[in-house]
Amino acid sequence: MYAVRVLLSDGAAFHGVANLGHRPTVTPANQELSLEVHLFDFDSDLYGHELEVEFLHFLRSERRFPDVDSLKRQIAADAAAARLQLSAP
């Protein structure tokens, strides 16, 4: 999991968290590598848009969780940690 900055094609920039990996909690083993990004304070559809993702801080390694609720709690903790990292001077 990473803290990231995402640049949109219109020049707007947003912070967020990203997972680059295989999604072991929700997909079968040996799935293709995927990049999933959650932008903070953003509520719009970006499907089909080109983005630039800048990896700013490594937060933790990918791991399998016992269930989706555990994964959601960890993602919330990751987002809080990322906000702290990104707000530091």
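The values are calculated or read from the model by the stated rules, or taken from the named source; none is laboratory data. In this text, all values refer to a predicted model and were calculated from it rather than measured experimentally. Heavy atoms of the whole protein, side chains included, go into the accessibility calculation; ligands, DNA and RNA do not. Shrake-Rupley method; radii C 1.70, N 1.55, O 1.52, S 1.80 Å.
Residues that are modelled with pLDDT under 95 and more than 27 Å from residue 87 (Cα to Cα): does region 5-22 have at least one? Yes; the residues of region 5-22 include at least one that is modelled with pLDDT under 95 and more than 27 Å from residue 87 (Cα to Cα). If you go through region 32-89 and keep only what is at pLDDT below 95, open to solvent by 100 Å² or more (accessible area, probe 1.4 Å) and among the aromatic types (Phe, Trp, Tyr), you end up with just 47. Which residue, of 31, 74, is of a type in the set (S, T, N, Q) and under 16 Å from the mean Cα position of the chain (by Cα)? Going through 31, 74 in turn, just one is of a type in the set (S, T, N, Q) and under 16 Å from the mean Cα position of the chain (by Cα): 74.
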